[in-house]
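The values are calculated or read from the model by the stated rules, or taken from the named source; none is laboratory data. Just so it is clear, the structure is predicted and the values come from calculations on it, not from any experiment. A quick note on method: Cβ atoms are made from the backbone with ideal geometry, for glycine too, and the neighbour counts reach across all protein chains shown.
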Amino acid sequence: MGYPTKVQLIKRKASEQWYINFPAAVAQAMEFNRGEIVEWIIEDRANLILHRTQVPPSALKKKLRPTSCPESRSSGSNAGRHSSKTEPGCGPKTSC
């Protein structure tokens, strides 16, 4: 999804300053912090890349620990028995 944004120019006697503002939705989605340092990279005449020099850790990449082993839910003749296969999350540190 794109967010159209106008390029603004402020001309002064001795200088000029160009501005491109982020829509609030973009800044919030990127979780920018006030005063954060970023770097502009010119890819080509159509693409300007904003590069974060220090990326904060992602909340989505946190590893989830399983609450129990899949085998603990089995019933019948296999109840209470573990197979010789190693299940993800069923190592020596879990409650299997």
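Odds and ends about this structure:
- Complete set of residues in segment 1-24 that are in a strand (DSSP E or B), of a type in the set (S, T, N, Q) and exposed (fewer than 10 other Cβ atoms within 10 Å of the Cβ): Gln17
- Total residues in segment 25-48, condition loosely packed, with under 10 Cβ neighbours inside 10 Å and under 16 Å from Pro4 (Cα atoms): 2
- Among the residues making up segment 5-27, a single one is farther than 21 Å from Val38 by Cβ and hydroxyl-bearing (Ser, Thr, Tyr): Ser15.
- Evaluated against (1) within 31 Å of the chain's Cα centre (by Cα); (2) modelled with pLDDT of 90 or more, Gln17 falls short on exactly one condition, (1).
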